[in-house]
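Step one of this worksheet: look at the structure below.
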Amino acid sequence: MTDSKYFTTTKKGEIFELKAELNSDKKEKKKEAVKKVIASMTVGKDVSALFPDVVNCMQTDNLELKKLVYLYLMNYAKSQPDMAIMAVNTFVKDCEDPNPLIRALAVRTMGCIRVDKITEYLCEPLRKCLKDEDPYVRKTAAVCVAKLHDINAQLVEDQGFLDTLKDLISDSNPMVVANAVAALSEIAESHPNSNLLDLNPQTINKLLTALNECTEWGQIFILDCLANYTPRDDRESQSICERVTPRLSHANSAVVLSAVKVLMKFMEMLPKDLDYYGTLLKKLAPPLVTLLSAEPELQYVALRNINLIVQRRPEILKHEMKVFFVKYNDPIYVKLEKLDIMIRLASQANIAQVLAELKEYATEVDVDFVRKAVRAIGRCAIKVEQSAERCVSTLLDLIQTKVNYVVQEAIVVIKDIFRKYPNKYESVIATLCENLDSLDEPEARAAMIWIVGEYAERIDNADELLESFLEGFHDESTQVQLQLLTAIVKLFLKKPTETQELVQQVLSLATQDSDNPDLRDRGYIYWRLLSTDPVAAKEVVLAEKPLISEETDLIEPTLLEELICHIGTLASVYHKPPSAFVEGSRGVQHKRLPGSAGSGESVESPDTGSAAGASDAPPAVIPSQGDLLGDLLNLDLTPPATTGPPPPATSGLQLGAMDLLGGGLDSLMGDESEPPPIPLRTDTPQSPQVLHQSPSPPDYSPTELGGDLGGSSAMGAGFGAPPPAAAAAPFSAPVSGGLDDLFDLGGGVGMPMGAYSPPKTVWLPAMKGKGLEISGTFARRAGVIQMEMTLTNKAMSVMTDFAIQFNRNSFGLAPAGPLQVLTPLSPNQSIEVALPLSTVGPVMKMDPLNNLQVAVKNNIDVFYFSCQYPISMLFVEDGKMERQVFLATWKDIPNDSEAQFQIADCRLSSDAASNKLQGSNIFTIAKRTVDGQDMLYQSTKLSNGIWVLAELRVQTGNPNFTVCLKCRAPEVAQCVFQSYEAVLKN
Amino acid sequence: MMRISQLFILSSKGDHLIYKDYRGEAGSDVVNVFYEKVTALTGDQPPVVMSHRDLHFVHVRQGGLYWVATTTEDSSPFAIIEFLNRLSALVRDYCGSLSEKAVQMNFALIYELLDEVLDYGYIQTTSSDVLKNFIQTEAVSSRPFSLFDLSNVGLFGAETQQSKVAPSSAATRPIQSSRDQGGKSEIFVDVIERMSVVIGSNGVLLKADVEGEIRVKCYMPSCSEVRMGLNEELSVGRSQLRGYGAAVRLHECSFHQAVQLDDFHSHRILRLCPSQGEQTVMQYQLSDDLPSAPPFRLFPTIERDSAGRLLMYMKLRCDLPPKSAAVSVSASIPVPRGSVSLSQELSSPDQNAELILQNRAVVWRIPRFSGGTQLSALFKVEVPGLSSASLLEVGPVGLSFELPKLTATGLQVRFLRLSPVQPGPAQRWVRYVTHSDSYIIRV
């Protein structure tokens, strides 16, 4: 007799039979009957009619039978709440049973019966079980609190179960601790501000102790909980890291990844020069490599995580390139992930090895993989300049194979290589042209046409080649049509004499015979340009294009930070924040990495009001492959998610820009006989460059107007249905162009004019100055740095012959003229002097950086003092970076050079802050709002040409601002931060 | 946080075998949704996580069954996959084998297990030692030993020569039966290694990694401690110091929680308190290093003959010690697109070769290949329109093989002591085997 017979009963009247069996006197028979009932339940049959009969079997000493009955109860209690009450008595009785197994079973099952009526009966037994002598019962009761909380949260709070649960964190049994932590974490998620899991050094210590003793699964709970803690300082951070590192060698990969998460997060707080930091980096590599020896499914999950880690801290795995080499029998999804990581790790040191591998991959069987491998070769060329030549020759070899898709893919990437290294590899064009006929994919055709157009003057038969494409113009995809149009116009501008007919043909095809608005409009623009002012047309269309940047498809920094906080979870596999896929009701708290060493204060500010706001707000719409450009601009267009009315200055500004542009376009569209709005172009000579600078990936699609349409794209983007990146245009153009004035004007409304200047302080006390007291400050007025001093004579004699000199200093400050004290200074007299300063003096790095040593001489003596100037006076007026340059620079500066600071207690809205900062030449370039948090992207230029990029995070209702600074000279960060603080607080 | 919402086991045909809802977050209709999704997957989609509305499915396949967990939270897929693998191992340990039938027959037992291993979706324990205190139901063994079952005992689930010569039916019996039936006391130790090698076209070893593990399957209720001695000259870590050549080197190793390492550092002895059933005691790896020459070398000559056919002359040498041999050797040689047919000359009748058009490869199979010998083969492939560029498409050659009674690292179990001394005959079995994980020779 085996259990499988239970599955075979399908006859009618079976319920009736079962009923009889359930009511039998014989225990064996009863048990068999209950088993049959459960078997039917599993396969989806409705056996709820047997509820009373099964409940009747509940009172038994046979544990096996009892378990079966409980199993049934859990399944059907919800549909039969009235009947479920019948079972309550037995539950309560079982909770007192001498056998701990029965007590635990009863409390576990009661929690699973999700019937509101039962809960009140549950409280007393639960209270007893939470204090039970047996740990097995206690750990079950701990979980039961979470179950009960889900059904009736108020009841749990009223009954004081939460406090009991908190006490269990100090339980002697690690299993109980783990379950208490798990339950508290879950309850805390639905009360983001409750501070339920009060993580303080004492509890952390308890958790770390339990970590060593509990089961592997308990360790995961505890590590995940630790990851939410923010250590007070780097020393605490280090000591936690030290106690977590042994987990890295655990056999359970989930434990390993949870430990990696904790370490990645706490590492942020360790100073980079600490020996321990280096040790930790070394310790992280082996466990990550080990994860790759698992089954392909786990490997895939591991690789998705490693992809994140490599973007955040490439140094961890920089010597482990080989483990990411693709194995022949890896499944394709593993291969593609590995390839991505290989490119991210590629550097001059290992590029030869990587290229050799990629070349092998390009001859494999799987088409998708081969394509990606060919593309990867192109990415290598763009990333590692020294390898470019070798990459090109590898690509040429591959073209020789004549395998259709390899050739096409190679041409697409060679186009990108041309865009990165113009005028360097045109010798290969001949080979490319040979393959013209075999190209059948739009992207490859478009790339080839672009190349022909771009280098038309060096290709003898460029006109013939382009003409051949023109024959089937209407059958081509839009991408190819647009590219062809542009290429022929380029050709015409380069060789006007022989191609007039061709250009007329393509313009008429594009404007008259096409229904596609993009194509038509682009055609018209060219037409007018050419007919109005061919010189201007040449300037626009043949403008020098900026180079494309190397690292592409990187995850946007803020998202990356959040994902690092979710290592090992689904978020890290999807590369999406949890808010994007977890139901909105709970758990939608954005996590941030803690600030770097030195910030001291707690960083994850337990914001009271704002967190609630954040979880109420709809989940953020963050594109999966975070193209920051797209983000910034798309979000700019939507009204900010803050509740209050938007500050008038900004909104007026945005609307103004839109209107003006819109109006311009309307007139363009409305009356075709009018001359095209050339002024827009002439006013914005830089704008083509701006547009080109978009950090579009090498697989940049030529449909994005920016590519070669040049200056016209600002207009083009406003037409028809713009592709996402082109939507950038209306905003990026005004930033630099003729609309700049408008921008500044708007920014000026209601903003304090002039830079912030600190109040005067005493630099030289009279005691030290033989009666001369000097107090002073620095200011930047109308672009001139001034040292403003008050000289007071507190001596008994007259002072004359004043002179001043500076020691060499970090930014080359020097007096631009003599100290103007014309009249002698009588006793008890004060005089105000303003000394203009230049920044062309001799330079020496000072400590602190903004320290200035000054010597003042008078008829009595020479006095020395030192003072510190606010670095903000060095912020120059043209410190507003172009958006695209900003993005590219932000990505380009390694994360190591990022510094994060807190500005506490600053009660400004983000717009007010932005205005204030602009007064001190800190310019806001873009703003986006995510879940009530405003992020301002700002740039500043120092007088010596150093750029500082900043991300200012302002959460509505939270007086603490966070500033992330990125700069190629990281040492200025501290000073810049001080200026931020000073400007914002005054 | 880590929370499992539902757990279910499906047969390969999609029948519901086990269904348990822990948190009441979704209905049982998702079981069918899962089955539709999983059967619709194509080969290039990662099967790891699939989502349906707010629900995420994580599954593994073990014993021909789908083991599925759902979650609505941002749970760790690692934890869930590990957990599902442990769960299936537990079920195998408890039921004796893993099959649709075994699960069906023991559903009450499995529900009981599910109640203990998870509570409200929180993983509680997967240790059979802890669980034995709670589990009441007796397992029902499907049938006595049969050859069919043995294929399920495979190492890593792979069907191997070794598993077919498993010493007795013991390996497929439920752990509980030894408790009262006084079955034979037995312990099986498997040292299993997987080798990944890439050899460049110039014969240079580009990459050589070995991953290995020691698995113990124990049926000894009265045994409280096993002492397992490994090679005395075993060095762990990446230090550059290389004493004398005889030492066995490992770069990384990790151990099961139940392993005591007190004597490991001094005497290379692992002490463990084995749970009944199967567990992985130690996992290790060696990267970019092999203690001896790679087992196979290939000397290919590839050319186009006058008739426009592709000629591939392959000399394959086995560099194993002469007493050892590789079994089930199979070489897969990718050939150019458009290949039509194959004719071959092989050196012995037990070998065979065929052109598999679907994979665009010639597969050459050698059932047994002794160490220190060399085999050669000539393949003529008909490829219409063969160009010199298409010759580039030949290769790389992938080998798959199995090396019985051999570990690539040289790791060995010196002794296996059980305490207290077992009453009656206690059988101790130690097996070694090395598999090719990926053995690529570029041409």
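The values are calculated or read from the model by the stated rules, or taken from the named source; none is laboratory data. Just so you know, these numbers come straight off a predicted model, no measurement behind them. Cβ placement follows ideal geometry from the backbone for every residue including glycine, while neighbour counts extend to all protein chains displayed.
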Query raised in the report: Among the residues of the stretch A:242-259, is any in contact (Cβ under 8 Å) with a residue 40 or more places away in the chain, farther than 30 Å from B:Leu286 by Cα and not hydroxyl-bearing (Ser, Thr, Tyr)?
Result: no
Query raised in the report: So which residues in the stretch B:355-405 are more than 27 Å from the chain's Cα centre (by Cα), of a type in the set (S, T, N, Q) and part of a strand (DSSP E or B)?
Result: B:Gln374, B:Ser376
Query raised in the report: Which ranges mark the helices (runs of 4 or more DSSP H) fully within the stretch A:199-248 that have 1 or more residues being within 11 Å of chain B (Cβ to nearest Cβ) and among the aliphatic types (A, V, I, L, M)?
Result: A:216-226
Query raised in the report: Of all the residues that make up the stretch A:936-947, how many are surrounded by fewer than 21 Cβ atoms within 10 Å (Cβ to Cβ) and under 25 Å from the mean Cα position of the chain (by Cα)?
Result: 3
**Report entry** Within the stretch B:324-354, considering residues that are hydrophobic (A, V, I, L, M, F, W, C) and within 14 Å of chain A (Cβ to nearest Cβ), the one nearest to the chain's Cα centre (by Cα)
**Finding:** B:Ala331
**Report entry** strands (runs of 3 or more DSSP E) contained in the stretch B:1-120 and holding at least 2 residues more than 25 Å from A:Lys78 (Cβ to Cβ) and assigned by TED's automatic domain parsing to the domain that holds B:Pro221
**Finding:** none
Query raised in the report: Scanning the stretch A:857-904 for residues that are of a type in the set (A, V, I, L, M), assigned to a strand (DSSP E or B) and touching a Leu at 6+ places or on another chain (Cβ under 7 Å), which turns out farthest from A:Trp763 (Cα to Cα)?
Result: A:Ala899
Requested in this report: List the number of the failed condition for B:Arg417; all other conditions in (1) farther than 25 Å from A:Phe325 by Cβ; (2) in a loop (DSSP other than H, G, I, E, B); (3) not small (Gly, Ala, Ser) hold.
Outcome: (2)
Requested in this report: Can you confirm whether the stretch B:32-44 contains a residue that is crowded, with 18+ Cβ neighbours inside 10 Å, free of Cβ contacts under 8 Å to residues at least 40 places away in the same chain and either within 9 Å of chain A (Cβ to nearest Cβ) or closer than 27 Å to A:Gly218 by Cα (or both)?
Outcome: no
Requested in this report: Quickly run through the stretch A:15-31 and pick out the residues that are assigned to a helix (DSSP H, G or I) and touching a residue at least 24 places away in the same chain (Cβ under 8 Å).
Outcome: A:Ile15, A:Leu18, A:Lys19, A:Leu22, A:Lys27, A:Lys30, A:Lys31
Requested in this report: Name every residue in the stretch A:358-387 that is more than 24 Å from B:Ser201 (Cα to Cα), without any contact (Cβ under 8 Å) to a residue 60 or more places away in the chain and either in contact with an Asp or Glu (Cβ under 7 Å, 6 or more places away or on another chain) or not in a helix (DSSP H, G or I) (or both), in order of residue number.
Outcome: A:Asp368, A:Val384
Report summary line: Looking across the stretch A:310-346 at residues that are more than 13 Å from every other protein chain (Cβ to nearest Cβ) and in a loop (DSSP other than H, G, I, E, B), the single one that is surrounded by the fewest Cβ atoms within 10 Å (Cβ to Cβ) is A:Lys318
Report summary line: Picking from A:Ser531, A:Ser477, A:Ser508, the residue that is surrounded by fewer than 23 Cβ atoms within 10 Å (Cβ to Cβ), among the polar types (S, T, N, Q) and in contact with a helix residue (DSSP H, G or I) (Cβ under 6 Å, 6 or more places away or on another chain) would be A:Ser477
Requested in this report: Starting from the stretch A:54-67, take each residue that is outside any helix (DSSP H, G or I) and list its partners that are hydrophobic (A, V, I, L, M, F, W, C), counting only C-beta distances under 8 angstrom and pairs at least six apart or across chains.
Outcome: A:Cys57/A:Leu22; A:Cys57/A:Val34; A:Cys57/A:Leu65; A:Cys57/A:Val69; A:Met58/A:Val69; A:Met58/A:Leu73; A:Met58/A:Ala87; A:Thr60/A:Val69
Query raised in the report: Checking B:Val210 against (1) surrounded by fewer than 23 Cβ atoms within 10 Å (Cβ to Cβ); (2) within 14 Å of chain A (Cβ to nearest Cβ), which single condition isn't satisfied?
Result: (1)
Query raised in the report: Can you name the condition, by its number, that A:Glu96 falls short on among (1) surrounded by fewer than 19 Cβ atoms within 10 Å (Cβ to Cβ); (2) within 24 Å of B:Ser28 (Cα to Cα)?
Result: (2)
Report summary line: The residue that is surrounded by the fewest Cβ atoms within 10 Å (Cβ to Cβ), considering only those in the stretch B:252-289 that are at the interface with chain A (Cβ under 9 Å from one of its Cβ atoms) and farther than 21 Å from A:Ala254 by Cα, is B:Asp288
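A quick yes/no check of all residues on (1) within 30 Å of A:Asp847 (Cβ to Cβ); (2) of a type outside the set (D, E, K, R):
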position: A:Ile903; (1), (2): yes, yes
position: A:Cys906; (1), (2): yes, yes
position: A:Thr929; (1), (2): no, yes
position: A:Arg953; (1), (2): yes, no
position: A:Thr956; (1), (2): no, yes
position: A:Thr962; (1), (2): yes, yes
**Report entry** Cross-chain or 6+ apart pairs with Cβ under 8 Å, the stretch B:49-66 first and more than 10 Å from chain A (Cβ to nearest Cβ), then of a type in the set (Gly, Ala, Ser) and in a strand (DSSP E or B)
**Finding:** B:Phe57/B:Ser51; B:Phe57/B:Ala69
Report task. Report those strands (runs of 3 or more DSSP E) wholly inside the stretch A:914-986 carrying at least 3 residues which are farther than 25 Å from A:Phe811 by Cα. Result -> A:923-930, A:933-941, A:947-955
Query raised in the report: Do we have B:Arg360 as surrounded by 14 or more Cβ atoms within 10 Å (Cβ to Cβ), free of Cβ contacts under 8 Å to residues at least 60 places away in the same chain and either touching a Ser or Thr at 6+ places or on another chain (Cβ under 8 Å) or polar (S, T, N, Q) (or both) here?
Result: yes
Query raised in the report: In this structure, is A:Glu186 among the charged types (D, E, K, R), within 20 Å of A:Arg108 (Cα to Cα) and surrounded by 23 or more Cβ atoms within 10 Å (Cβ to Cβ)?
Result: yes
Query - Filter result (within 18 Å of B:Asp29 (Cα to Cα) and in contact with a Lys or Arg (Cβ under 8 Å, 6 or more places away or on another chain)) within the stretch A:41-80 - result: A:Lys78
Query raised in the report: Which residues, taken from the stretch A:249-270, are over 22 Å from the mean Cα position of the chain (by Cα), part of a helix (DSSP H, G or I) and polar (S, T, N, Q)?
Result: A:Ser249, A:Ser253
Query raised in the report: Quick one: is A:Leu355 under 21 Å from A:Arg390 (Cβ atoms) and outside any loop (DSSP other than H, G, I, E, B)?
Result: yes
Query raised in the report: Out of (1) in a strand (DSSP E or B); (2) over 30 Å from B:Gln257 (Cβ atoms); (3) not hydroxyl-bearing (Ser, Thr, Tyr), what's the single condition that is false for B:Val281?
Result: (2)
Requested in this report: Identify, from the list A:Ala381, A:Ala410, A:Ala430, A:Ala376, the residue that is within 28 Å of B:Glu393 (Cα to Cα), small (Gly, Ala, Ser) and touching a Cys at 6+ places or on another chain (Cβ under 7 Å).
Outcome: A:Ala381
